[in-house]
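Throughout, read-outs are computed from the coordinates displayed, never taken from laboratory work. In this text the structure is predicted, and so the values were computed from the model without any measurement. Please note: Cβ atoms are built from the backbone with ideal geometry, for glycine as well, and neighbour counts cover all protein chains shown.
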Amino acid sequence: MKLQLECNHTPFQKQTCLTCNSLIEMSEAKVIVCNDQGKAYGEVCPHCLKQGFGWLSNRFDQLNQVSKVKEIDVVRQAQTRRMPVGA
Ligand SMILES: [Zn+2]
């Protein structure tokens with residue numbers, strides 16, 4: 001996980017924090033969480049930044065794991081629907 005500081009071209013807009021889901025008003029600079037491949041995931045609020053890099057990294061891993069579990073569930077449901085009924 002990486003943190004990236006970016007210049008915000010549209011300040012004072014409300015954004016949802018990636019890690020705590022609270023609504024935040026963005027300032028002129030924003031901090032974005034990226035994975036190791038550099039893919040951006042979203043903005044992080046100052047409150048979450050204060051928890052430290054280790055906390056953010058753990059939270060980010062948890063979020064990724066949750067989305068992976070959801071993907072597996074969707075695949076399972078699709079497979080179940082394709083099962084022949086009354087065979
Ligand atoms: Zn937050």
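Restricting region 2-45 to trypsin sites (Lys or Arg not before Pro) that sit in a DSSP loop and have at most 12 other Cβ atoms within 10 Å of their own Cβ leaves LYS39. Checking every one of the GluC sites (Glu not before Pro) in the chain against DSSP loop status and a limit of 11 other Cβ atoms within 10 Å picks out GLU28. On the beta carbon distance between ARG82 and GLN62, with R0 = 30 Å, the FRET formula returns roughly 0.45. Residues in region 36-47 carry Karplus couplings, in order, of 5, 7, x, 7, 6, 10, x, 7, 10, 7, x, 4 Hz; the curve used is 6.51 cos²θ - 1.76 cosθ + 1.60 with θ = phi - 60°, and Gly or Pro positions show x. If you line up the long axis of helix 53-82 against the longest principal axis of the chain, both from Cα atoms, how many degrees apart are they, to the nearest 10? Here the helix axis deviates by roughly 20 degrees. To the nearest µm²/s, what D does Stokes-Einstein give for region 2-82 at 4 °C and 1.567 mPa s, using the Kirkwood radius over alpha carbon pairs as Rh? For these conditions, the coefficient is 92 µm²/s.
Between LYS2 and ILE72, the C-beta separation translates, for a Förster distance of 35 Å, into a calculated FRET efficiency of about 0.85. Close Lys pairs in region 2-82, defined as Cα atoms under 24 Å apart and 8 or more places apart or on different chains, number 14.
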